[in-house]
Amino acid sequence: MKFEHAALSAGHLWSSPFVRWQGSLADVSSLDLAVAVTRDALAARAFDTSRVAQIVLGTTIPQQASFYAAPWIAARLGMAGISGPHVAQACATSVACIVAAAMAVEVERGRCSLVVTADRTSNGPLLVYPRSRGAGGSPATENWVLDNFAADPWTGRAMVATAEAVAREGGFSREAVDAVTLLRYEQYARALEDDRAFQRRTLQPVVIGEGKRRLVVEVDEGVHTTTAEALKALAPTVEGGVVTFGSQTHPADGTSGCVVLDDAGARELAAGKGVVRLLAAGFARAEKARMPKAATTAAVNALHDAGLAWSDVAIVNTDNPFAINDLWFAQQTGFALEKMNPFGCSLVYGHPQAPTGLRGIVELVEALRMQGRGVGVFTGCAAGDTGAALVLRVD
């Protein structure tokens, strides 16, 4: 899927810090979180909301009043005259939202979309489904988060099982898995250097409420430091496997967003700070219970549509719930592990689903801006053995 006109203004992407589930944001609706952070991000950039023609909202976990989510958020942001699609594609939601906004630009030049993604894995809803034929009319129930984390209803297998299957096929040892995990933690530490200089370029603090009820979150919560020895000491999550709790991500809460326009609009908005051309997107589905493979296939598809080769790519950022995702990617593409995720990734700072990919895209853009320019690829896997990728160029 190739784009000819869609673009981002380099200064108009943001993410909140991510908070490990059942932490500071456990009782904050993801819709309220999205409103607070998006409002402050747009105000900090002196962005004129009257230019927005549609909102594209991405969430995967229902919250109270989600039925009205997109128009409700737009109205609370002072844009009562607009609405737009509400997208849910598991962890591919961010890319799917940007694609929806980019396609609007391709159809109608000059159209401006506000992309907002948010999720709260904490305190997920318990859904009750009526069953007239149940014993005594008893309903079926679903814990939206825990039940879907536990197993894919088609394969009957948990996500960690897909990682172990790919590890066996790729021949990845426990030592290799731990080594790439440690590398990602070392890269995340770079984002914290110089009083979090890199993160201050990318993260919009959470500020909700006033006075004694004021909640402020300025940094990622729940990130544990680690060492080679600490990783080695962890038991595998599956007997005989190579994945541990150290080499897989943790559920989290957060939000992220961006503004999608055409090239001319992005240049005007950027005011000399740089333009991000969206070149192509790709989606893929791996074979049954092989989820980590899908991210690689999606990236290959997107790069092909962009008419580029891996030698043209400066940086790859991944949404990697398992370190095995990156090992498979490097093995299949030849792209160096060290050139991936230069300032950390979701393996380290957590995984709130819908906004996870967009935070990776925000950090990819900033890393490329620090180099001056260049082509970058974001890719990640998602539930159902699927994946989504985006190819972009910072000018």
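Scan 36, 65, 41 and give me the residue that is in contact with a Phe, Trp or Tyr (Cβ under 6 Å, 6 or more places away or on another chain) and among the aliphatic types (A, V, I, L, M).
The unique qualifying residue is 41.
When you go through 354, 306 one by one, which is the residue that is buried (at least 24 other Cβ atoms within 10 Å of the Cβ) and more than 18 Å from the chain's Cα centre (by Cα)?
Details: 354 fails: more than 18 Å from the chain's Cα centre (by Cα).
Among 354, 306, only 306 is buried (at least 24 other Cβ atoms within 10 Å of the Cβ) and more than 18 Å from the chain's Cα centre (by Cα).
Would you say residue 19 is modelled with pLDDT of 95 or more and closer than 23 Å to residue 269 by Cα?
Numbers: modelled with pLDDT of 95 or more: yes; closer than 23 Å to residue 269 by Cα: no.
For residue 19, the condition - modelled with pLDDT of 95 or more and closer than 23 Å to residue 269 by Cα - is not met.
Can you name the residue in the stretch 127-148 that is exposed (fewer than 14 other Cβ atoms within 10 Å of the Cβ) and assigned to a helix (DSSP H, G or I) and, of all such residues, is modelled with the highest pLDDT?
Among them, the one singled out is 146.
Residue by residue through the stretch 166-210, note down the ones that are surrounded by fewer than 21 Cβ atoms within 10 Å (Cβ to Cβ) and small (Gly, Ala, Ser).
Result: 170, 171, 173, 176, 179, 189, 197, 209.
Going residue by residue through the stretch 2-17, is there one that turns out to be part of a strand (DSSP E or B) and either surrounded by fewer than 17 Cβ atoms within 10 Å (Cβ to Cβ) or on the phi > 0 side of the Ramachandran plot (or both)?
Yes, there is a match, as at least one residue in the stretch 2-17 is part of a strand (DSSP E or B) and either surrounded by fewer than 17 Cβ atoms within 10 Å (Cβ to Cβ) or on the phi > 0 side of the Ramachandran plot (or both).
Here is a list: 124, 156. Which entry is surrounded by 14 or more Cβ atoms within 10 Å (Cβ to Cβ) and either among the β-branched types (Val, Ile, Thr) or not in a helix (DSSP H, G or I) (or both)?
Values: 156 fails: surrounded by 14 or more Cβ atoms within 10 Å (Cβ to Cβ).
Within the list 124, 156, the selection yields 124.
Sort out which residues of the stretch 236-246 are assigned to a loop (DSSP other than H, G, I, E, B) and in contact with a helix residue (DSSP H, G or I) (Cβ under 8 Å, 6 or more places away or on another chain), and write them in order of number.
237, 238, 241, 242, 243, 246
Using beta carbons and a limit of 7 Å, which pairs, at least six apart or on different chains, have the first residue in the stretch 94-108 and surrounded by 24 or more Cβ atoms within 10 Å (Cβ to Cβ) and the second one assigned to a helix (DSSP H, G or I)?
94/356; 94/357; 94/358; 94/361; 95/357
Go through the stretch 162-235 and tell me which helices (runs of 4 or more DSSP H), entirely inside it, have 3 or more residues that are within 30 Å of residue 29 (Cβ to Cβ).
Output list reads 193-202.
Taking residue 371 as meeting all but one of (1) modelled with pLDDT under 95; (2) in contact with a Gly (Cβ under 9 Å, 6 or more places away or on another chain), write down the number of the exception.
Status for residue 371: all satisfied but (2).
Say we look at the stretch 46-59 and pick out the residues that are of a type outside the set (Gly, Ala, Ser) and more than 27 Å from residue 92 (Cβ to Cβ); which of these is surrounded by the fewest Cβ atoms within 10 Å (Cβ to Cβ)? Steps first, answer last, please.
Start the filter on the stretch 46-59 by keeping residues that are of a type outside the set (Gly, Ala, Ser), which leaves 47-49, 51-52, 54-57, 59.
In the following step, the residues that additionally are more than 27 Å from residue 92 (Cβ to Cβ) were identified as 48-49, 51.
Details: 48: 10, 49: 16, 51: 15.
Here the answer is 48.
The values are calculated or read from the model by the stated rules, or taken from the named source; none is laboratory data. Values in this document were obtained by computation on a predicted structure and should not be read as measured data. When we count neighbours, we look across all protein chains shown, and the Cβ atoms used for this are built from the backbone with ideal geometry, even at glycine.
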